[in-house]
Amino acid sequence: GYLKRVSGDTFKTQARRTRGKSGSNMKADDVLSKMVHCRNRDKILFFTESGQVYSVHAYHISESSRASAGSKIASIVGIPKDDEINAIVCIPHDSVDPDLMLVQVTRDGMIKKTPLAEYQNINKSGKIAIKLNPGDILKGVKVAEKDSVVVIASDFGRCIMFKLDDLRAIGRGSRGVRALNMNKNNKVVTMDVVKAEYLATEQDNIASDDDEAYSVTSEDDTLVPCILSVSKKAKIKRTPLKLFRTQARNGVGVVLSKFDKGDSLAGFQIVGTGDLQQEVLIASKQGIVNRLSVAKIPIYKGRTAKGVMGLKLKSEDQVKTIAVVALNPEDDLDGNKSA
């Protein structure tokens with residue numbers, strides 16, 4: 001396993017359906033695992049599939065070129081060779097909110113929230129982040145504020161949205177509770193959180209129930225709160241949050257997306273919930289990265305649309321991870337990086 005830090009401006013914005021750029025010079029038997037956007041002084045938390053958490057500041061990760069393989073993870077944090085990083089969370093260096101929560105979800109649909117303060121003092125050997133049921137692994141982790149809403153999606157395209165207040169805060173060593181009711185062949189892909197205030201800001205002119213794309217006509221329209229989803233075969237789309245109802249925890253959810261045969265969900269993130277323009281980095285297993293303007297990704301009026309091609313992939317390759325970048329003019333002064 002290798003880890004590296006690359007300047008955010010290494011990957012320029014490109015058009016959809018382009019090949020993208022190589023993001024890493026990987027060995028033949030290696031694949032890209034995760035990608036996250038952060039600043040140099042941020043604290044990075046690495047969560048493994050076995051439920052452990054490790055911590056390091058971003059500036060302790062050597063900055064590398066786009067083609068470099070990076071440094072061995074074992075030289076930076078003490079992750080065992082038989083464990084794998086399944087989630088990365090960046091904690092801003094100026095974060096001071098004592099009420100922040102860390103929300104975690106597993107592949108089998110278990111979820112829990114724990115005060116972020118319990119993850120402040122983590123040494124190189126790591127700490128337990130969540131207790132897992134036999135055969136289960138950790139899949140997604142997010143930092144959440146009060147009054148947030150949790151969004152969880154499965155590989156077959158089911159999605160559930162419920163209030164964070166529906167969860168009771170518990171300690172690091174606890175298992176959690178059921179978040180999404182799935183059949184045995186369906187697995188959680190990842191999760192995200194969104195402030196409840198954004199659920200009431202969608203516009204009426206996209207409240208249709210069909211699968212036609214909504215044409216962006218003004219700068220304000222690009223900031224419509226949406227779920228940006230990407231499939232493993234690089235189909236990408238935005239779906240308005242207004243099309244998803246808040247449910248009780250442990251429901252079956254609703255459809256987030258339909259897929260072509262052999263395709264499934266690779267990842268998603270909430271976009272359009274701030275005043276800044278955004279871009280999305282799409283990375284494949286073979287290390288190919290494409291950077292797209294979120295404003296250029298069509299918004300669909302219906303949840304079942306498959307989307308459009310976001311990255312031109314080789315037949316044996318597939319999308320592995322995505323990361324959304326907010327275009328803050330101050331980032332260049334603060335040392336804006338991607339790890």
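The values are calculated or read from the model by the stated rules, or taken from the named source; none is laboratory data. Remember, it's a predicted structure, so these values are computed and weren't measured experimentally. Glycine gets a Cβ as well: all are built from the backbone with ideal geometry, and neighbour counts include every protein chain shown. Accessible surface areas use protein heavy atoms only, side chains included; no ligands, DNA or RNA. Shrake-Rupley method; radii C 1.70, N 1.55, O 1.52, S 1.80 Å.
For region 76-114, taking the residues that are among the hydroxyl-bearing types (Ser, Thr, Tyr) and modelled with pLDDT of 80 or more, the one that is farthest from ALA323 (Cα to Cα) is identified as THR114. Candidates are the residues of region 159-178 that are over 16 Å from the mean Cα position of the chain (by Cα) and farther than 15 Å from MET101 by Cβ; the one that is surrounded by the most Cβ atoms within 10 Å (Cβ to Cβ) is ARG175.
Checked across region 46-58, the condition of being touching a Cys at 6+ places or on another chain (Cβ under 6 Å), crowded, with 19+ Cβ neighbours inside 10 Å and small (Gly, Ala, Ser) holds for at least one residue. Residues that are open to solvent by less than 10 Å² (accessible area, probe 1.4 Å) and closer than 26 Å to LEU167 by Cα were ranked within region 255-280; the one that is modelled with the lowest pLDDT is GLY272.
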